[in-house]
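Engineer: There's a structure below that I have some questions on.
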Amino acid sequence: MELTEKVESNKEDFFGVFLDLQKAFDTVDHELLKKKLERYGIRGNSLMYLSSFLENRKQYLAVGTTRTRSEYIKCRVPQGSVLGPLLFIIFINNYPFCLQECTALLFADDTCVLSKKEQILADESKSVTKWMRENKLVLNVKKNTAINFRRHKSQYSVAFGNANIQSVTAVKYLGIYIDRDLNFKAHFDYLCTKVAKITSMLRNMREILIGDHVLLFYNTNIKPVLQYGNIVYGNTNKTQMDRLCLMQRNAIRAMFNMSKHSSVDQVRVRLKILTVSELYIYDLMKSQCSNAYAMSLIVNA
């Protein structure tokens with residue numbers, strides 16, 4: 001949301017480079033991480049506790065019955081743990097401070113650098129590559145992408161460090177496709193395709209889904225797709241929102257073996273299934289009041 005707000009506040013060209021860190025969690029140096037933890041005030045027993053979480057871990061490679069010798073792991077934060085992502089965030093927390101005129105957006109290993117001018121972006125790239133080198137992180141050059149919001153130029157590249165990053169018309173950032181016009185058409189295409197595939201799967205499974213399992217299938221497979229990130233794109237493109245609403249209605253018809261042109265309103269109200277637009281309003285209101293109160297306002301409207 002911060003990304004779209006920054007782009008919308010600038011009416012001129014606005015450049016963004018989306019960087020991909022190569023095996024980010026696996027390349028965190030333990031010694032560097034401990035120095036940063038100490039700098040942030042984590043010392044004594046607390047630092048020893050976190051050090052014991054990282055150190056004295058071993059790994060080996062096994063192929064069939066053949067196994068290599070075990071070696072101590074000197075870098076990497078354990079994935080699948082609560083502490084792993086937190087330690088990685090602490091490790092890269094000082095990354096934005098290497099930039100002077102650009103803005104860096106961070107969410108774990110998803111990194112974006114924004115600038116109003118292409119030349120400034122190119123100049124600041126030297127600071128980014130220097131910081132990456134000093135912290136022993138590696139950029140995946142092949143997966144880095146650039147986008148110039150508002151410019152309708154077919155192909156161009158942005159100089160970033162020692163490489164030229166090719167432009168794209170839309171980029172996937174934190175699970176949402178963001179295009180240069182901010183109309184989110186690429187993301188709506190993605191959502192409609194995904195909902196259509198799940199609906200097709202639902203039709204094939206309908207005979208084995210009994211009672212409450214049908215609604216459970218909707219709430220666990222379709223609703224999260226419709227709801228994720230909707231605050232970002234929910235009020236941007238009415239035509240595309242109507243298209244997504246149609247896909248939702250098709251899914252509800254598949255849930256109850258209804259004909260193609262049947263109205264789903266009675267079923268939807270009875271089961272308290274919010275429309276795509278209502279889900280957007282609900283999530284918008286939820287950020288300002290309690291979940292129960294927001295739901296009551298939508299249902300009773």
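Engineer: Give me the accessible area of Met48, 1.4 Å probe, in Å² rounded to the nearest 10.
Structural biologist: Roughly 130 Å² of Met48 is accessible to a 1.4 Å probe.
Engineer: Rounded to whole Hz and in sequence order, give me ³J(HN,Hα) for region 170-182 from the Karplus expression 6.51 cos²θ - 1.76 cosθ + 1.60, θ = phi - 60°, writing x for Gly and Pro.
Structural biologist: Each residue's phi maps through the Karplus curve to give 8, 10, 8, 10, 6, x, 10, 7, 10, 9, 5, 8, 6 Hz.
Engineer: Measure off 7 Å from each Cα along the Cα-to-Cβ vector at Asn162 and Thr193, then give the distance between these two points in nanometres to one decimal.
Structural biologist: About 3.5 nm separates the two model spin labels.
Engineer: Got a number for the accessible area of Met247? Probe 1.4 Å, square angstrom, nearest 10.
Structural biologist: Approximately 40 Å² for this residue.
Engineer: When ranked by the protection proxy of mean other Cβ atoms within 10 Å per residue, highest first, what sequence do the peptides 177-184, 73-80, 54-61 form?
Structural biologist: Most protected by this proxy first, the peptides run 177-184, 73-80, 54-61.
Engineer: What translational D, rounded to a whole number of µm²/s, comes out for region 74-130 from Stokes-Einstein when the hydrodynamic radius is the Kirkwood one over Cα pairs, at 25 °C and 0.890 mPa s?
Structural biologist: 194
Engineer: Scattering from the C-alpha atoms of region 82-188 alone, worked out with Debye: what is log10 I(q)/I(0) at q = 0.10 1/Å?
Structural biologist: -0.31
Engineer: Taking a ≥ b ≥ c as the square roots of the eigenvalues of the Cα gyration tensor of region 23-120, is the shape rounded (a/c under 1.5), prolate (a/b larger than b/c) or oblate?
Structural biologist: oblate
Engineer: If one computes the Cα centroid of region 238-255 and of region 159-207, what distance in Å separates the two points?
Structural biologist: 17
Engineer: Then there is this: Quick check: at a probe of 1.4 Å, how many percent of the accessible area of the chain sits on carbon and sulfur atoms? Kindly include the intermediate steps, with their values, before the conclusion.
Structural biologist: On the way: 9130 of 17620 Å².
Looking at the chain in its full context, I get 52 percent from C and S.
Engineer: Per residue, how much accessible area does the chain have with a 1.4 Å probe, in Å²?
Structural biologist: Working: 17620 Å² over 301 residues.
The answer is 59 Å² per residue.
Engineer: Along the charge dipole of the chain, Cβ charges K/R +1 and D/E -1, which of Tyr218, Leu86, Met205 sits furthest on the positive end?
Structural biologist: Value computed over the given set: Met205.
Engineer: If you plug each phi of region 241-252 into the Karplus form 6.51 cos²θ - 1.76 cosθ + 1.60 with θ = phi - 60°, what whole-Hz ³J(HN,Hα) values come out, in order, with x for Gly and Pro?
Structural biologist: 5, 4, 5, 5, 4, 4, 5, 5, 4, 4, 5, 5
Engineer: Right, another one. Just tell me which lysines come within less than 29 Å, Cα to Cα, of Lys117; anything on the same chain fewer than 8 places away is out.
Structural biologist: Lys6, Lys11, Lys126, Lys130, Lys136, Lys142, Lys143, Lys153, Lys172, Lys185
Engineer: Report P(r) for the chain: all Cα-Cα distances, bin width 10 Å, range 0 to the bin holding the largest distance, values in whole percent.
Structural biologist: 5, 21, 23, 22, 20, 8, 1
Engineer: Could I ask something else about it? Whole-Hz Karplus ³J(HN,Hα) for region 124-141, in order, using 6.51 cos²θ - 1.76 cosθ + 1.60 and θ = phi - 60°, x for Gly and Pro?
Structural biologist: With coefficients 6.51, -1.76 and 1.60, one gets 5, 4, 5, 5, 5, 5, 5, 5, 4, 5, 5, 9, 6, 9, 10, 7, 8, 4 Hz.
Engineer: With runs of 4+ DSSP H residues as the only contributors, calculate the mean residue ellipticity of the chain at 222 nm using -39,500 (n - 2.57) per run, divided by the residue total and rounded to the nearest 500. Walk me through the numbers before you get to the answer.
Structural biologist: On the way: 13 runs with 135 residues, N = 301.
Mean residue ellipticity at 222 nm (helix-derived): -13500 deg cm²/dmol.
Engineer: For His187, what accessible area in Å² do you get when you roll a 1.4 Å probe over the heavy atoms of the protein chains, rounding to the nearest 10?
Structural biologist: That residue has around 0 Å² of solvent-accessible surface.
Engineer: While we're here: Counting Lys and Arg as +1 and Asp and Glu as -1, each charge on the Cβ, what is the dipole of the chain about the Cα centre in debye, to the nearest 20?
Structural biologist: Numbers: 42 positive and 28 negative charges, 140 e Å.
So the dipole magnitude of the chain works out to roughly 680 debye.
Engineer: Still on this model: Dividing the Cα radius of gyration by the Kirkwood radius, what Rg/Rh value follows for region 169-266?
Structural biologist: 1.01
Engineer: Okay, next question. Highest mean first, what order results for 275-283, 259-267 on Cβ atoms within 10 Å?
Structural biologist: Top of the packing list down: 275-283, 259-267.
The values are calculated or read from the model by the stated rules, or taken from the named source; none is laboratory data. Worth saying up front: this structure is predicted, and the values here are computed from it rather than measured. Glycine also receives a Cβ, built like all others from the backbone with ideal geometry; neighbour counts cover every protein chain displayed. In case anyone asks, the SASA skips ligands and DNA or RNA and just uses the protein heavy atoms, side chains included. Shrake-Rupley method; radii C 1.70, N 1.55, O 1.52, S 1.80 Å.
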